[in-house]
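The values are calculated or read from the model by the stated rules, or taken from the named source; none is laboratory data. The structure presented is a predicted model; accordingly, all values stated were derived computationally and were not measured. No Cβ is skipped: glycine too gets one built from the backbone with ideal geometry, and neighbour counts run over all protein chains shown. Side chains included, ligands, DNA and RNA excluded: accessible areas come from the protein's heavy atoms. Shrake-Rupley method; radii C 1.70, N 1.55, O 1.52, S 1.80 Å.
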Amino acid sequence: VVESWSFLDTVESNFRPLVVIELAKGTKEETIEWFTKRIVDKKANGGAQLLIKPLLMEDGVENIYLVGASHLRLLLGAETVGLVKECSDNSMRAFTYSSRKTFKDFADDNHNFLTMAECQYIIKHELENLRAKNEKMIPGYPQVKLYPGKSIVRRLLTSGILVQIFPLHDREELKKLRHSWYGRVKVGYQPLDDIRCYFGETIALYFGFLEYFTFALIPMAVIGIPYYVFAWEDYDKYVMFATFNLLWSTVILEVWKRICAILTYRWGTLLMKRQFEEPRPGFHGVLGINPVTGREEPVYSSLKRQLRIYLVSLPFVCLCLYFSLYVMMIYFDLEQWALDYHKENESNVSSLMLYVPSIIYAVVIEIMNRIYRYAAEFLTSWENHRLESSYQNHLILKVLVFNFLNCFASLFYIAFVLFDMKLLRQSLATLLITSQILNQFAESLLPYWLQKRYNRRMKKRMCSQKTDRDLSIAEQVTLEKEMGTYLGTFDDYLELFLQFGYVSLFSCVYPLAAVFAVLNNITEIYSDALKMCRVYKRPFAEPAANIGVWQLAFETMSVISVVTNCILIGMSPQVDALFPDSKMDLVLTVALVEHLLLAIKFIMAFVIPDKPRDIQMKLAKLEFESLEALKRQVRSFQMQL
């Protein structure tokens, strides 16, 4: 590989633009010259050894650059990032340039061996690993400091010199994907392999989970309809339904782990080695030495971070939770007012007024969730976490705690304080349906409409101009650089998490929740697909072996649902009538049933393996072969000595 690096030519006549770099207008020439030189320089000189080409825009400003790479460079980059590809014997192995002939579909002239998303991921990795050598500052900007080992791209981004880096859409491939994904209404599975090839594993796993969760909800919806129609007030009949729901929630999450393992093994990410995490772009501190890498980088006291978390962030979150409960009590005052109004008038208008407080409260909940999200992001960034994974974990914890209380506190209050099952059904239905409609509008329909308006204006401006190849690329870049940036799957998983809570927490009271969830998810698949293909810039592919911390979040919700459903069944008049003399016996019986169901859940989670047997065998075989290869290397080294 070292020899390949030294002979690798940085010039390739067939330049294929993969990634766009947009610099701030007015960026100094010496900065541009230094940055582009570092991009094309050889690896031995600390460069990225990529190809770069300026793109002259219609306004004559030259602040857009297209980045590509030669075929050989991308293959060597695939080895560097640890991409896993399928071999000729159908096994999955980490790609190495020296053994490239052993991989399925590889040929020296086959430029489609790596998907476009993988090529863009490699370029992003190489750009982010451009590091300062002896520079103390960005040339032309003495106030923007550098130190040895600092990521140049991250420093340029945080200083505002670099506006954005994004991967280009492949218009032909995108057209095919749109047609097979959402271009026609059909009953069938999504093209997950095509989604993965175009958008990467993280996004493909989200759509895979959304599809799986929708199919998993169908049995709950089918069983819930007759319960809703024929057994509305007979709570004893809901015992079987609630028990099925609790076991169902465990089984679907365990089966998803197996499906996830099958998908990620096929895609190669189940075997990818976890890379050493670099400091996140927003991390700051005084220069020091990292005790693990030995490199010079910012160091920040963990004590200061803990003080910020416990003395500022935690009190702020508690204050927000208190405010959420205060708004909830205002909602109950409105409910009482609507009820009194209905009792006085008893008209069609007064009947409709009964639903108004719940609808208003649902809208307020969505607004509060979104405002709190911005505050949580600001606070988590201010806490100055060194690693992106630590930042994400603290952000998810803050957001989940608030969203859980904000969305479900009123339902718990109605169920366990007011004991009003009729109001609980009404509130649950109104909150679920209103939140689904608002999310569909805010996340997909509104951005799509705004983006369509912008595209129409841009195309009118360009329609009179000639369209040769360069202008076609310029037009594409002009359209794409103004598109919104996809911020990741966080909000999408959060929406599914809250929906799972609505379906599972109070299933024995409102069985139709699963029906509305299925209907919403079917439209969600199409609207999210539209959003990814038409509204946002193409995101960089990110390898993923599972859905991460969200698996734990869903499992926690399923445990809470056991407790709530057992208490609801224990509160029903029919069950209460079975213990006329001693309420303590009722409490003990409910606690015993709840513990028994939890035990069954944990036993099922233990019994159902996370990975299918055949994948376990393939992983074990690969580990054995790796150990044997390592032993042979050691023996060869010892013989040379």
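Tell me which residues, restricted to the stretch 126-165, are open to solvent by 40 Å² or more (accessible area, probe 1.4 Å), closer than 19 Å to Arg386 by Cα and not charged (D, E, K, R).
Matches in the stretch 126-165: Asn129, Pro148, Leu157, Thr158, Ser159.
Is it the case that Leu552 is within 24 Å of Met220 (Cα to Cα) and in contact with a Leu (Cβ under 9 Å, 6 or more places away or on another chain)?
no
With the requirement that a residue be at pLDDT 90 or above and either of a type in the set (A, V, I, L, M, F, W, C) or in the same structural domain as Asp491 (by the TED database) (or both), what does the stretch 364-395 give you?
Residues satisfying the conditions are Val364, Ile365, Ile367, Met368, Ile371, Ala375, Ala376, Phe378, Leu379, Trp382, Leu395.
Looking at this structure, is Leu530 over 26 Å from Met421 (Cβ atoms), among the aliphatic types (A, V, I, L, M) and open to solvent by 70 Å² or more (accessible area, probe 1.4 Å)?
Considered against the rule, which asks whether it is over 26 Å from Met421 (Cβ atoms), among the aliphatic types (A, V, I, L, M) and open to solvent by 70 Å² or more (accessible area, probe 1.4 Å), Leu530 comes out as no.
Mind checking which residues of the stretch 189-213 are surrounded by fewer than 13 Cβ atoms within 10 Å (Cβ to Cβ) and under 23 Å from Glu495 (Cβ atoms)?
Tyr189
Out of Pro511, Pro543, Pro539, report the one residue that is within 20 Å of Tyr182 (Cβ to Cβ) and open to solvent by less than 50 Å² (accessible area, probe 1.4 Å).
Pro539
Filter the stretch 413-440 down to residues that are of a type in the set (Phe, Trp, Tyr) and crowded, with 18+ Cβ neighbours inside 10 Å, then give me how many there are.
Qualifying residue count for the region: 1.
Are there any helices (runs of 4 or more DSSP H) wholly within the stretch 299-370 with 2 or more residues that are in contact (Cβ under 8 Å) with a residue 40 or more places away in the chain and surrounded by 11 or more Cβ atoms within 10 Å (Cβ to Cβ), and if so which?
Those helices (runs of 4 or more DSSP H) span 302-308, 314-345.
For the stretch 1-26: of the residues being in a loop (DSSP other than H, G, I, E, B) and at pLDDT 90 or above, which is surrounded by the most Cβ atoms within 10 Å (Cβ to Cβ)?
Just the residues of the stretch 1-26 that are in a loop (DSSP other than H, G, I, E, B), to begin with: 1, 8-18, 24-26.
Next cut, at pLDDT 90 or above only: 17-18, 24.
On the way: Pro17: 18, Leu18: 23, Ala24: 13.
That would be Leu18.
Pairs needed: first member in the stretch 387-415, within 18 Å of Gly282 (Cα to Cα); second member anywhere, surrounded by fewer than 21 Cβ atoms within 10 Å (Cβ to Cβ) and of a type in the set (A, V, I, L, M); C-beta distance under 7 Å; at least 6 residues apart or different chains.
Asn393/Val549; Ile396/Val549
For (1) out of contact with any Ser or Thr (no Cβ under 8 Å at 6 or more places or on another chain); (2) loosely packed, with under 12 Cβ neighbours inside 10 Å, each residue gets a yes or a no:
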site	(1), (2)
Trp550	yes, no
Asn565	no, no
Leu592	yes, yes
Leu619	yes, no
Phe624	yes, yes
